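What follows is a short report on a single structure.
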Amino acid sequence: MTTTTATDLGALLDRVRAGREFGANVYSTLDVLQVLYDRVLRITPATVADPERDRFLLSKGHAVAGYYALLAARGFLPVEWLDDQGGPASRLGDHPDRTLVPGVEIGSGSLGHGLGLGVGTALGLRAQGRTGPRVYVLLGDAELDEGSNHEAIAYAGASGLGNLTAIVLDNRSATYGWPGGAASRFTVNGWSAATVDGRDHDALHAALTGHDDHRPHVVVAVVTDGEGR
């Protein structure tokens, strides 16, 4: 399997940055994105419209720079697009647009919406009888302060959505937190859970593939070298 090295991704991210500063909200996503696209997701540039593909939903759309770099590295979009990210004629806005960017499943950026959309996507696949595809939603720990996510977590658990995986990037930016840590917010509603080092690729891979297909699964990726939701 082709993999994306940190050097490859860093060079592409430099093209997106173009002299601007990125915060930890962007850098905290890179390892999870690499593991997902290199080792987990069943989707390629040739299968972006295949109904049997896996779905990846970036809920924290404000951290899109690393996502664009990864999509370019994997061939979903031309590398040259990165040079004009955010420009007047660019397809690559400061939040992703599914109608403009190949491989993007949802337009996102308003915190708290991605997991609910993931629940709806997982329900839709189940209603169609599609048992192969999985839905992965990447969100920040601060998003768990939003009531919409509490509803999505409870509904997914009660519905036994075994084709849904949430990935929470935990960089300690949530205002309220949850007793016992972020994972307990999910397990109290019947989810399976794993908490791992968000920079450890092997640990991330094991956690992301550790679902049992009978209930929704959450991976809490702890990233302590920086702040930002």
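Relative to the longest principal axis of the chain, what angle (0 to 90°, nearest 10) does the C-alpha long axis of helix 6-17 take? So the inclination is approximately 70 degrees. Here the Karplus relation 6.51 cos²θ - 1.76 cosθ + 1.60, evaluated at θ = phi - 60°, turns the backbone of the stretch 183-190 into coupling constants of 4, 5, 5, 8, 5, 5, 9, x Hz, with x for every Gly and Pro. Expressed as a whole percent, the accessible area of the chain that falls on carbon and sulfur atoms is 50 (1.4 Å probe).
For PHE22 and ASP8, the difference between the fully extended length at 0.36 nm per residue and the C-alpha to C-alpha distance is 3.3 nm. Shown in residue order for the stretch 90-106 are the 3J(HN,Hα) couplings computed by the Karplus curve 6.51 cos²θ - 1.76 cosθ + 1.60 at θ = phi - 60°: 7, 7, 9, x, 6, 10, x, 10, 5, 7, 10, 10, x, x, 8, 8, 9 Hz (x for Gly and Pro). The C-alpha atoms of the chain define a longest principal axis, and helix 114-127 lies at about 70 degrees to it. Amide H contacts of ALA166: VAL137, HIS217, VAL218, VAL219, each under 5 Å away and 5 or more positions distant or on a separate chain (H built 1.01 Å from N in the peptide plane; Pro and chain starts excluded).
In this simple spin-label model, placing a label point 7 Å from the Cα along the Cα-to-Cβ direction at both ALA49 and SER148 gives a separation of 2.9 nm. Each residue of the stretch 164-177 was assigned a 3J(HN,Hα) from its phi angle through the Karplus expression (A = 6.51, B = -1.76, C = 1.60, θ = phi - 60°), giving 10, 10, 9, 10, 9, 7, 9, 10, 6, 9, 5, 6, 9, x Hz with x at Gly and Pro. Kindly express, to the nearest 10 degrees and within the range 0 to 90, the angle between helix 64-73's C-alpha long axis and the longest C-alpha principal axis of the chain. So the helix axis and the longest Cα principal axis differ by about 70 degrees. The stretch 20-73 and the stretch 195-209 have Cα centres spaced 16 Å apart. Comparing the stretch 35-109 with the 2.2 N^0.38 Å rule of thumb, its C-alpha radius of gyration ratio is 1.03 (two decimals). Put simply, the amide H of ARG134, placed in the peptide plane, has neighbours under 5 Å in ASP54, ARG55, leaving out anything fewer than 5 places away on its chain. Which shape class, rounded, prolate or oblate, goes with the stretch 150-224 when its Cα gyration tensor gives a ≥ b ≥ c as root eigenvalues, a/c under 1.5 marks rounded, and past that a/b bigger than b/c marks prolate? Oblate.
Beyond 34 Å, how much of the Cα-Cα pair distribution for the chain remains, as a whole percent?
Working: 2199 of 26106 pairs.
Looking at the chain, the distances longer than 34 Å represent 8 percent of pairs.
Could you report the chain's accessible area per residue, 1.4 Å probe, as an integer in Å²?
Working: 9790 Å² over 229 residues.
For the chain, the solvent-accessible area averages 43 Å² per residue.
Length available on full extension from GLU80 to THR131: 0.36 nm per residue minus the Cα-Cα distance, which gives 14.7 nm. A cut-off of 5 Å between modelled amide H atoms, ignoring neighbours fewer than 5 places along the same chain, links THR195 with VAL220. Which of TYR68, TYR27, TYR136 ends up with the largest GNM mean-square fluctuation for the chain, with Cα atoms connected below 10 Å? Among TYR68, TYR27, TYR136, the largest GNM mean-square fluctuation belongs to TYR27. Compare ALA72, ALA158, ALA194 in a GNM of the chain, Cα atoms joined below 10 Å, and give the one with the largest fluctuation. Maximum among the listed residues: ALA158.
The values are calculated or read from the model by the stated rules, or taken from the named source; none is laboratory data. Note that the coordinates shown come from a computational prediction; the quantities given were computed from them, not determined experimentally. Because the Cβ atoms are built from the backbone with ideal geometry, glycine has one as well, and the counts that use them run over all protein chains shown. For accessibility, only protein heavy atoms count, side chains too; no ligands or nucleic acids. Shrake-Rupley method; radii C 1.70, N 1.55, O 1.52, S 1.80 Å.
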